[in-house]
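First the structure, in the form of structure tokens, and then the observations on it.
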Amino acid sequence: MARLTPRLAIRYLLVTFIAMYGAKRWLSGQPLLSDSLPAYSGPYDVGTVDIEIPAVHPRKFSDAVHKETGEPAFELETVMFSIFYPAEKGVHSKRPKHNWIPESGKLYAEGYARFAGISTWITNKLFEGGLWSLVGSTTIPAQVDVPIHGASEHGKRDVIREEEGQAVLVGSEQKEAQKEQFPVIVFSHGMASGRTSYTHYLGELASRGYVVAAVEHRDGSGPGTIVYKADGTQKTVFHAPADALDPVPETEELKRVQLALRQAEVEETVRVLRAINNGDGQDVHRANARKEGDTLVYWRHRLNFDQVIMAGHSYGATLAMQALKGAPNDLRPFVGGIALDPGKSSGPLNANIDVPLLVVHSQSWSSKRSIFFGRPHFDTVKEIVEGIVDKQHGNKKAGWFMTAKGTTHPTVTDAPLIEPLLLSWTTGATVDVKEGLMQYVQTSKDFLSYLVDGKLSGVLSQRVSHPRYNHETRKLPEDMSKIWQIHVSPVE
């Protein structure tokens, strides 16, 4: 047998290593190019439950139909969301962890091909292969359907009976005052995203003592989602650009209808969470088309409905600000809001807000000058937050607007954690992917704590440092100046 030259030997070893690495990843069900999502860092373990319930008020928001199928384009039939919550310590679920791609790679691949405007059988297959190589069978690290934190301690004297093989709470000797309650966050995803696109940001908040409901919007803004109807049938909803609808709506009308449907989904989510908190967890479990929620029976009075917050990213941030109009009220009991990169092409931003608001821009969002209804988008956002501060001057409530340096629009999503090198290269982010996301988590936590106790901490305790982007008028402490520019603050 002929000996290999040194150059050929190196090539042979390299090819062998790549082949072995690829085979190992394939055999273990791991994608070729991505990382796993990290564990959550807060003091609580994290659980998750998927819920899909028929809407109490099903309705259409437009007469538009999909040209392809003839089905209504904007119809509320069910509400679907994933809950992330503080879980009982050390409890491991018997259920498999949720996949990061929640439905199927085939569905998402076709959805992204439709976004690109090149959906054919061949391109869908190419997208499916590419999606697997990037994401594969990546799972969300939260434990599925485990008891909420404190269930075992607080449920020692709960009266339980078995009904059709399931635990049913029929009474309790426990005093209500002894139960630990968790504030609630309802989160709205952005364009080309879904309920699982932000699991690490939301899971980190859950690990710090918050119950977070990530809504799956069926307004045609996501790559693909499956509606599980009450009659047992299913319907697939793909991305719906205006030219795929009949009649073709104007852009402004399309955004108005999408936001109206999104807001209705948020209100239905609040209704389901309230029912669970009122002791109807077993009924919700039975009605849940996703067949999860065994332990919701223990959630009675565990949610703090005096502390419900609306949050969102991009298109979802636009919706979050819209949902704060007239809040708090029965349908939208929000006492504060978090808006991450409010949309630049998702319709006007609501300025009629009378509750505290935290707006965080990524650097890419602040640095790129975008004309928004005749004026710079940055100026519009700043004016809205300044209006909140002026209206609430002297009160406990206030508003903040700041930029996270080194970040880009996807920083708060899971994508940079799964594909750190690819996303840093394509988006230009300079901050470490984990550090960047954790800055969003910590500042959100500081804001959420402020809503409870009125105490300012972290960057929220600082005065304005940059009235305009990159225009510094005051030095921040060194540890903050590396990360933040503060454009609006109630601190004088």
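The values are calculated or read from the model by the stated rules, or taken from the named source; none is laboratory data. Fair warning: this is a prediction, and the values are worked out from it, not measured in the lab. Note that each Cβ is placed from the backbone with ideal geometry, even for glycine, and that neighbours are counted across all protein chains shown.
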Exercise for review: Among the candidates GLY337, GLY347, single out the residue that is touching a residue at least 12 places away in the same chain (Cβ under 8 Å) and either part of a loop (DSSP other than H, G, I, E, B) or surrounded by fewer than 24 Cβ atoms within 10 Å (Cβ to Cβ) (or both).
Suggested key: GLY347
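Output the residue which, of all residues in region 419-462 that are part of a helix (DSSP H, G or I) and in contact with an Asp or Glu (Cβ under 6 Å, 6 or more places away or on another chain), is farthest from SER188 (Cα to Cα). Give the steps one after another, and end with the answer.
In the first step, residues of region 419-462 are kept if they are part of a helix (DSSP H, G or I); the result is 420-427, 433-453, 458-461.
Remaining after also requiring in contact with an Asp or Glu (Cβ under 6 Å, 6 or more places away or on another chain): 441, 458, 460.
Numbers: VAL441: 16, GLY458: 25, LEU460: 23 Å.
By that ranking, first place goes to GLY458.
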Point to revise | Selection from region 456-492 of residues that are in contact with a helix residue (DSSP H, G or I) (Cβ under 7 Å, 6 or more places away or on another chain) and among the charged types (D, E, K, R) | key: LYS475
Review point. In region 49-105, what residues are in contact with a His (Cβ under 9 Å, 6 or more places away or on another chain), of a type in the set (A, V, I, L, M, F, W, C) and not in a strand (DSSP E or B)?
Key: ALA73
Check your understanding: What residue, of GLY47, GLY42, is touching a helix residue (DSSP H, G or I) at 6+ places or on another chain (Cβ under 9 Å), modelled with pLDDT of 95 or more and surrounded by fewer than 19 Cβ atoms within 10 Å (Cβ to Cβ)?
Key -> GLY42
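Name the strands (runs of 3 or more DSSP E) wholly inside region 216-317 in which the number of residues that are more than 26 Å from PRO356 (Cα to Cα) and not acidic (Asp, Glu) is 1 or more. Lay out the reasoning, then the answer.
Numbers: elements: 224-228, 234-238, 303-313.
Qualifying strands (runs of 3 or more DSSP E): 224-228, 234-238.
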Review point. For region 248-297, how many residues are under 26 Å from ALA151 (Cα atoms), without any contact (Cβ under 8 Å) to a residue 40 or more places away in the chain and among the β-branched types (Val, Ile, Thr)?
Key: 1
Practice item. Could you tell me which residue of region 355-369 is surrounded by the fewest Cβ atoms within 10 Å (Cβ to Cβ), considering only residues that are out of contact with any His (no Cβ under 8 Å at 6 or more places or on another chain) and within 19 Å of PHE187 (Cα to Cα)? Key: VAL355
Practice item. Please enumerate the residues belonging to region 111-140 that are over 13 Å from HIS239 (Cβ atoms), at pLDDT 85 or above and not in a helix (DSSP H, G or I). Key: THR120, THR138, THR139, ILE140
Exercise for review: Among the residues of region 218-247, write down those that are in contact with a strand residue (DSSP E or B) (Cβ under 7 Å, 6 or more places away or on another chain) and either of a type in the set (D, E, K, R) or without any contact (Cβ under 8 Å) to a residue 60 or more places away in the chain (or both).
Suggested key: ARG218, LYS229, GLN234, LYS235, VAL237, ASP246
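Considering SER82, SER62, which residue is among the polar types (S, T, N, Q), assigned by the TED database to the domain that holds VAL284 and crowded, with 21+ Cβ neighbours inside 10 Å? Spell out how you get there, then give the answer.
Details: SER62 fails: crowded, with 21+ Cβ neighbours inside 10 Å.
From the options SER82, SER62, the qualifying one is SER82.
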Exercise for review: Enumerate the pairs (first residue in region 189-212 and closer than 19 Å to TYR450 by Cβ and of a type outside the set (Asp, Glu); second residue anywhere and at pLDDT below 95 and surrounded by fewer than 24 Cβ atoms within 10 Å (Cβ to Cβ)) with beta-carbon separation below 7 Å, excluding pairs fewer than 6 apart on the same chain, so at least 6 apart or on different chains.
Suggested key: none
Review point. Which condition number does GLY343 fail, the rest of (1) more than 20 Å from the chain's Cα centre (by Cα); (2) of a type outside the set (A, V, I, L, M, F, W, C); (3) not assigned by the TED database to the domain that holds LEU205 being met?
Key: (1)
Check your understanding: Any chance region 396-411 includes a residue that's at pLDDT 95 or above, in contact with a Ser or Thr (Cβ under 7 Å, 6 or more places away or on another chain), among the aliphatic types (A, V, I, L, M) and within 19 Å of PRO342 (Cβ to Cβ)?
Key -> yes
**Study point:** Hey, VAL284 surrounded by fewer than 22 Cβ atoms within 10 Å (Cβ to Cβ) and under 21 Å from the mean Cα position of the chain (by Cα) or not
**Key:** no
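I need a count of the residues in region 141-154 that are assigned to a helix (DSSP H, G or I) and either farther than 22 Å from PHE182 by Cα or of a type outside the set (S, T, N, Q) (or both).
Applying the first criterion (assigned to a helix (DSSP H, G or I)) to region 141-154 yields 151-154.
Narrowing further to those that are either farther than 22 Å from PHE182 by Cα or of a type outside the set (S, T, N, Q) (or both): 151, 153-154.
Looking only at that region, the number is 3.
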Review point. Which of (1) at pLDDT below 95; (2) over 22 Å from VAL135 (Cβ atoms); (3) acidic (Asp, Glu) is the odd one out, the single condition ASP432 does not satisfy?
Key: (2)
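Can you name every residue in region 118-137 that is in contact (Cβ under 8 Å) with a residue 40 or more places away in the chain and either out of contact with any strand residue (DSSP E or B) (no Cβ under 7 Å at 6 or more places or on another chain) or at positive phi (or both)? Steps first, answer last, please.
Of region 118-137, the ones in contact (Cβ under 8 Å) with a residue 40 or more places away in the chain are 132-137.
Passing the criteria: TRP132, SER133, LEU134, VAL135, GLY136.
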Revision key, fill the gap. Checked pairs for region 52-81, first within 19 Å of GLU253 (Cβ to Cβ) and without any contact (Cβ under 8 Å) to a residue 60 or more places away in the chain, second β-branched (Val, Ile, Thr) and part of a strand (DSSP E or B), C-beta under 7 Å and 6 or more apart or across chains, list as PRO72/VAL65
